[in-house]
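To start, the structure under review is shown below, and the notes come after it.
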Amino acid sequence: MPVSHLLLLLSLLSVGASAEVVVRIETMFGNVDIAVDVDRAPITAANFLKYVDAGLYDGGRFHRATRPDNYTPSPPNRPAMEIIQGGINPARRADGFPPIPLERTSVTGLRHVAGVVSMARGTAADTATSDIFILLDDQPSLDFGGRRFDDGQGGAAFGRVVAGLDVVRKIQQQPVEGQNLRPPVPIVRVSRLK
């Protein structure tokens, strides 16, 4: 086989390889490893990895936790959910990037189930920047057409926890005021493993 054909074959095989990047979140309670789906959620994954590579999550924090004892859905027709939410180092907020377009679950095929990682957004669809949340329960209300957001557009799932879900649960059980973790749980570092 000519070398040019062999190189083409190797490049095609690498395209078919796993399109996940594993990222580690280091906390005082242990590590959380996330498989980021760069194939099915390319815009959201690239955005998250841009923040990781810039070191903006280093010194960040998990600042929100919802669970049955502290979450009353508003309006009441929205289902309760169990999550932790965190973001970049507050001192580096000015170094962040512009909001990204929403990658709807109707396009990516990803679903908001326990262990999934998604980008937090505001009430408008294309407002996600750097905050992420990790689900501890199945939450179809966050998928496209769900009731979590008034616009029915849902959130942008982009990865899943592959190790450390027990750490996520421990963070969720820390003291809260309302939904705010008090004190917030520091994020030591976030980096790529592969």
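The values are calculated or read from the model by the stated rules, or taken from the named source; none is laboratory data. Everything quoted here is computed from the prediction, not taken from an experiment. Here the Cβ is made from the backbone with ideal geometry for all residues, glycine too, and neighbour counts use every protein chain on show. Each accessible area value is taken on the protein alone, full model and side chains, heavy atoms only, with ligands, DNA and RNA left out. Shrake-Rupley method; radii C 1.70, N 1.55, O 1.52, S 1.80 Å.
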Show me the ranking of peptides 34-46, 144-156 by mean Cβ neighbours inside 10 Å, starting with the highest.
34-46, 144-156
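How much net charge surrounds Pro79 when only the other residues with a Cβ under 9 Å from the Cβ of Pro79 are counted, with Lys and Arg +1 and Asp and Glu -1? Please report the intermediate quantities before stating the final value.
Numbers: positive: Arg78, Arg147, Arg148; negative: none.
Taking every other residue near Pro79 into account, the sum is +3.
For the chain, what does the relative contact order come out to in percent, with C-alpha contacts under 8 Å and a separation of six or more? Show your work: numbers first, answer last.
On the way: 436 pairs, mean separation 61.6, N = 194.
Once normalised by length, the contact order is 32 percent.
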Amide H to amide H, which residues 5 or more places from Ala120 or on other chains are under 5 Å from it, using H placed in the peptide plane?
Asp131, Ile132, Phe133
Label 7 Å along Cα→Cβ of Leu193; segment 146-184 residues with amide nitrogen under 15 Å?
159-168
Projected label distance in nm at Leu165 and Ala94, using a 7 Å step from Cα toward the beta-carbon
4.2 nm
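Under a 1.4 Å probe, what is the accessible area of the chain per residue, stated in Å²?
Values: 9400 Å² over 194 residues.
So the chain comes to 48 Å² accessible per residue, rounded to a whole number.
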Towards the positive end of the charge dipole of segment 85-194, with charges on Cβ (+1 Lys, Arg; -1 Asp, Glu), say which of His112, Leu193, Ala156 has the farthest Cα.
Leu193
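Roughly speaking, to the nearest percent, how much of segment 81-194's 1.4 Å accessible area is carbon and sulfur? Walk me through the numbers before you get to the answer.
Working: 2790 of 5190 Å².
Carbon and sulfur atoms account for 54 percent of the accessible area of segment 81-194.
Between Gln174 and Asp39, what is 0.36 nm times their sequence separation minus the Cα-Cα distance? Round to one decimal in nm. Walk me through the intermediate numbers first.
Values: separation 135, 0.36 × 135 = 48.60 nm, distance 3.41 nm.
Gain in length upon complete extension: 45.2 nm.
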What net charge is computed for the residues neighbouring Met28, neighbours being all others with C-beta under 12 Å from the C-beta of Met28, Lys and Arg scored +1, Asp and Glu -1?
+2
